[in-house]
Amino acid sequence: MADTVTGGEAAEAAVGSEAEVGSEAAAKGAPAKETLVDITTIRYLDPVSTAFKETEGGFVSMEAGPDESYPRVNFQRSFPFSRSGEFISVRTVEGKEIGIIKKLSLFASEAVAMVGRQLDRRYFSPTVTKINSIKEEFGYNYFDVESSAGQCRFTVRGGHNVVSITETRVLLLDVDGNRFEIPDINKLDDRSLKRLEMFL
Amino acid sequence: MKLLYDLPESAMESVSGVLNGESIRYCVPADLDEDNVFITDWIALTETRIITVKGGAFREEIAVADGADYKNVTLVGNGILEGEVNGVPRVIARYSMRHVPRYAYIANILNVMSKGRRPMTKSADDEGVCPKCERRMAEGTLICPYCTSKFTVLKKLKDVLSKHIPLLLLAVGMFWVITGISLISPYITRLFINEVLNPIEPGMTTIFGLERGVTAVMAFVSIMALLSVSSSAIVIVRGRIMTLVGNRIANDLRNVVYEKIQALTLNDMTKRKAGDMMNRVTRDTQRIRDFISHQASQGINMLITLIGICVILFATNWRLALLIIVPIPLVGLVIKNFREKMWIIFHKQWHVYDDASNVLNDILTGIRVVKAFGQEEKEIGRFRKASEDFRDISMSNEKFFNTLFPILNFFVGCSQFLILYFGGRMVLGLEMNVGELIQVMEYASMLYAPLGFMTMLPRAIANAMNALGRIYEIMEVEPDIRNADESVTMDIKGKVGFTNVTFGYQSHEPVIEEMDVDVAEGEMIGLVGHSGAGKTTFINLIMRLYDIDDGSISIDSVDLREIDMNVLRSQIGVVLQESFLFSGTVYQNIVYSKRDATPEEVIAAAKIANAHDFILGFPDGYDTRVGENGHNISGGERQRIAIARAILHNPRILILDEATASLDIEAEQQIQEALGRLTKGRTTFAIAHRLSTLRNANRIMVIDKGRKAEMGTHDELLNMKGIYYKLVMAQRQVTRT
Ligand SMILES: Nc1ncnc2c1ncn2[C@@H]1O[C@H](COP(=O)(O)OP(=O)(O)O)[C@@H](O)[C@H]1O
Ligand SMILES: [Mg+2]
């Protein structure tokens with residue numbers, strides 16, 4: 001089955017890595033009772049031996065060992081909302097996972113800044129600071145807001161595109177696929193909050 | 001897609017210096033900078049160069065030929081145009097999601113240019129943007145909700161309403177009669193007091209030809225009673241009529257929406273939540289029915305009464321009439337101030353209600369999963385929370401209204417005291433007699449009800465309008481796929497051709513790319529590939545569930561888009577991984593594809609599908625009820641019924657999408673046999689993960705990342721030692737262990 005092949009690929013990709021959780025555990029003669037983590041091979045990148053460098057064109061290259069380097073890598077968050085600084089997947093341009101940064105803050109400060117810039121570019125969701133108006137017509141909500149990226153007008157279809165990520169954090173998805181974030185609705189001014197209220 | 005914007009004048013000036021005789025062929029906004037701020041920059045393409053405009057002035061030029069591999073990369077909430085310029089990959093522009101499809105075209109154009117060819121793509125009007133207000137509209141809608149007035153919606157529903165004009169007229173006539181009666185009775189009261197009880201001229205012994213005294217009293221009382229009885233009777237009849245009309249209209253609407261939903265394609269459907277659709281069919285039409293049969297009819301009644309009273313009051317005593325009118329603007333003011341609040345309150349209630357019903361829908365449709373993981377408690381908790389939210393919101397809303405309306409009523413009631421005071425003084429000053437005062441008082445109190453009602457009306461109207469809007473929205477959705485103006489009706493033989501086909505569910509992300517395939521009549525093609533490779537998409541395109549973005553698909557050398565859709569689909573048979581059985585009998589499920597089939601044909605089809613024997617095993621045989629609430633049948637049995645359905649359908653082209661994937665080996669073998677009979681002589685596309693399923697295939701096509709990676713006979717592909725070879729080896733390994 002195709003799934004088998006996918007598994008094979010993953011195993012291939014992991015060859016030659018030095019920080020394999022699975023094999024490490026096996027080498028230490030882990031107890032017979034294997035956990036889920038033991039039997040998967042996910043490569044967590046080592047904060048010390050992994051080096052990032054900014055390329056001329058504004059991307060980032062990675063060196064993960066003496067003879068393992070990638071001219072350009074992409075970064076993807078595994079948990080964009082709940083753990084934005086952890087479990088960052090590092091991928092080749094083709095989209096193959098090289099490894100995962102378990103905790104970005106453990107890396108060198110230049111690396112943190114570099115990766116941060118790439119992530120900022122990838123995940124763009126301006127913060128809404130004020131809601132000037134919301135007009136509703138036939139299930140479409142026309143927002144006019146002030147945001148960290150400037151004033152903007154956008155159209156949100158239906159109430160289900162106003163997503164509550166937590167009790168106080170809200171994400172607005174417009175019809176084009178743009179995202180706008182309200183990190184804490186209680187920090188909005190009263191009028192803005194009132195306008196938003198019907199969606200919450 | 002608009003690919004040629006006009007540069008602002010100042011930017012144009014700055015750019016014209018570097019044009020060197022070239023012209024701007026494409027020009028698109030780049031509205032996002034590296035610091036995540038919206039800007040108004042531009043990217044312009046001339047015959048040979050990319051020119052970037054930043055901060056309103058020329059910034060940089062890149063020779064297109066110096067670069068390669070241009071692409072639009074869709075990130076999260078934004079996109080970038082990148083390219084390898086002089087061998088270095090770099091970002092050329094950054095933009096919000098709105099422009100992503102635009103840049104997909106631009107990237108294509110750049111790649112064509114970099115190969116020295118001349119791009120043919122033309123700029124056109126943007127789709128999905130209102131030409132009037134430039135707001136984005138969601139896919140599938142043709143009318144901008146922002147610019148559409150509610151009046152247009154009503155006009156749109158004219159057809160539905162016009163069928164019921166006679167009944168509506170009858171009802172309106174009755175309104176007038178009822179109002180007339182109720183307006184006349186205070187006048188009769190006045191006559192009764194002034195003429196019958198309180199003789200102004202003692203010499204008069206008769207009134208209207210009646211003897212004064214008890215007889216006259218009797219006569220007046222009977223007239224009043226008669227009027228009251230007949231008005232009550234008419235009210236009852238009118239109520240019935242309005243309910244009837246309301247029901248009929250709601251029913252018509254329901255049918256319209258239902259038909260529309262049927263006409264929409266899968267693509268349209270997946271964009272909307274099923275629960276949401278159901279709500280529109282049931283709840284919204286119900287709301288409209290209630291509105292017509294209660295609020296609207298009451299409203300008309302009240303309005304007529306209101307006007308009538310005002311006219312009479314001014315005719316009787318304009319000074320007192322003014323007193324009565326005074327509080328009305330006050331009430332209007334209050335209503336106006338609370339309108340926004342009321343509106344929000346309703347939306348909130350509506351959203352919360354939607355939530356609760358969605359949760360319920362989730363739980364019910366996923367009940368097996370819920371039970372399998374022992375999550376009943378949690379799910380019940382989830383639903384309880386949702387319905388408690390709904391209860392809380394409803395309660396607080398009721399509280400709000402129950403405070404607001406008494407206050408409004410008090411304002412209206414104030415005028416009563418004023419009338420008593422000033423009217424009383426007029427009577428004492430002999431400017432007015434008692435009968436007149438009582439008449440005025442009575443009219444004034446009759447104002448009460450309509451005014452009180454009018455204060456409620458905005459909320460009723462808002463409610464109905466919302467419901468109407470939601471229905472209207474469905475009515476306005478244009479199906480993605482339409483028949484060509486002159487569609488061809490033909491008997492399909494089964495030759496299928498793909499030429500350079502590219503398709504993406506979102507047009508900027510191709511799922512099928514540059515696919516060239518030729519399939520001969522009667523050939524069986526096995527489709528193989530990883531999950532997500534695009535196999536299902538490929539066959540969706542043959543069924544024309546979606547229209548392709550580029551290239552062409554033909555059947556018997558006729559372009560798919562020219563073939564009448566019903567003709568096409570009636571000659572394609574499909575068996576999917578999980579076959580859907582409608583609630584109904586086994587028999588009904590099999591004849592679904594051919595309504596006029598004889599029982600002999602049905603049995604023959606079932607026999608070929610290896611279904612006949614197990615069907616007879618059911619106590620109720622072919623009359624066994626299946627589907628929802630029906631007899632529980634196994635997955636294999638379900639598949640075989642679906643195959644029987646397809647066999648009876650006798651399609652020229654057969655599509656099997658993992659038809660046997662979910663079955664055990666034995667069931668699969670039986671079905672394989674059935675399928676072998678079914679596929680004989682028909683063009684067949686079979687998707688299978690278990691490669692052994694495809695041993696009857698004439699040729700195998702391997703799809704990888706949306707492209708045709710390999711195609712040939714089993715042996716040819718094995719010899720190629722490519723993807724197919726790897727797949728076969730991997731499966732052999734699995735079977736061995
Ligand atoms: N209705 C849809 N809307 C958007 N993307 C879709 C839709 N259906 C499938 N896709 C995407 O298209 C790709 C191909 O899917 P599919 O044709 O179903 O693959 P396969 O059948 O080979 O497993 C996948 O990446 C999938 O996510
Ligand atoms: Mg599939």
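The values are calculated or read from the model by the stated rules, or taken from the named source; none is laboratory data. Given the structure is predicted, the values throughout are model-derived calculations rather than measurements. With ideal geometry, Cβ positions are generated from the backbone for all residues, glycine too; neighbour counts draw on all protein chains shown.
Listed residues B:Asp715, B:Asp664, B:Asp657; which is modelled with pLDDT of 80 or more and away from ligand 1 (no atom under 16 Å from the Cβ)? Steps first, answer last, please.
Working: B:Asp664 fails: modelled with pLDDT of 80 or more; B:Asp657 fails: away from ligand 1 (no atom under 16 Å from the Cβ).
Just one listed residue meets the conditions, B:Asp715.
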**OP:** Might you check whether a residue that is surrounded by fewer than 18 Cβ atoms within 10 Å (Cβ to Cβ) and more than 14 Å from every other protein chain (Cβ to nearest Cβ) occurs anywhere in segment A:70-80?
**Re:** no
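Residue-by-condition table, conditions (1) closer than 27 Å to B:Thr693 by Cα; (2) out of contact with any Pro (no Cβ under 7 Å at 6 or more places or on another chain); (3) part of a helix (DSSP H, G or I):
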| position | (1), (2), (3) |
| --- | --- |
| B:Phe580 | yes, yes, no |
| B:Asp596 | no, yes, no |
| B:Val602 | yes, yes, yes |
| B:Ala606 | yes, yes, yes |
| B:Phe614 | yes, yes, yes |
| B:Ile633 | yes, yes, no |
| B:Ala646 | yes, yes, yes |
Original post:
Restricting to segment A:167-196, what's the tally of residues that are surrounded by fewer than 14 Cβ atoms within 10 Å (Cβ to Cβ) and either within 14 Å of chain B (Cβ to nearest Cβ) or touching a Gly at 6+ places or on another chain (Cβ under 8 Å) (or both)?
Top reply: 3
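Looking at the structure I just gave you, is B:Ala674 within 16 Å of ligand 2 (Cβ to nearest atom), touching a residue at least 40 places away in the same chain (Cβ under 8 Å), at negative phi and out of contact with any Lys or Arg (no Cβ under 6 Å at 6 or more places or on another chain)?
Values: within 16 Å of ligand 2 (Cβ to nearest atom): no; touching a residue at least 40 places away in the same chain (Cβ under 8 Å): yes; at negative phi: yes; out of contact with any Lys or Arg (no Cβ under 6 Å at 6 or more places or on another chain): yes.
In short, no.
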Subject >> Hits in segment B:90-110 - residues which are basic (Lys, Arg) and in a helix (DSSP H, G or I) >> reply: B:Arg98, B:Arg102
Original post:
Can you tell me which residues in segment B:678-701 are modelled with pLDDT under 95, within 16 Å of ligand 2 (Cβ to nearest atom) and of a type outside the set (Ser, Thr, Tyr)?
Top reply: B:Phe685, B:Ala686, B:Ile687, B:Ala688, B:His689, B:Arg690, B:Leu691, B:Leu694
Subject >> Number of positions in segment B:602-616 that are at pLDDT 85 or above and either in contact with a helix residue (DSSP H, G or I) (Cβ under 6 Å, 6 or more places away or on another chain) or small (Gly, Ala, Ser) (or both) >> reply: 8
Subject >> Test set (1) within 20 Å of B:Thr679 (Cβ to Cβ); (2) within 12 Å of ligand 1 (Cβ to nearest atom); (3) more than 14 Å from every other protein chain (Cβ to nearest Cβ) - B:Tyr546 fails condition number >> reply: (1)
**OP:** Could you please find all residues in segment B:528-572 being part of a loop (DSSP other than H, G, I, E, B), within 13 Å of ligand 2 (Cβ to nearest atom) and in contact with a strand residue (DSSP E or B) (Cβ under 9 Å, 6 or more places away or on another chain)?
**Re:** B:Gly529, B:His530, B:Ala533, B:Gly534
Subject >> Residue, nearest to B:Ile700 (Cα to Cα), within segment B:517-527, restricted to residues that are of a type outside the set (Gly, Ala, Ser) and more than 16 Å from ligand 2 (Cβ to nearest atom) >> reply: B:Met524
Original post:
Given the structure, is B:Asp559 out of contact with any Gly (no Cβ under 9 Å at 6 or more places or on another chain) and either in contact (Cβ under 8 Å) with a residue 12 or more places away in the chain or small (Gly, Ala, Ser) (or both)?
Top reply: no
Original post:
Checking A:Ser164 against (1) surrounded by 15 or more Cβ atoms within 10 Å (Cβ to Cβ); (2) farther than 30 Å from A:Ala51 by Cα, which test does it fail?
Top reply: (1)
Subject >> Qualifying position, being more than 10 Å from chain B (Cβ to nearest Cβ), in contact with a strand residue (DSSP E or B) (Cβ under 7 Å, 6 or more places away or on another chain) and closer than 24 Å to B:Asn72 by Cβ, among A:Thr129, A:Thr92 >> reply: A:Thr92
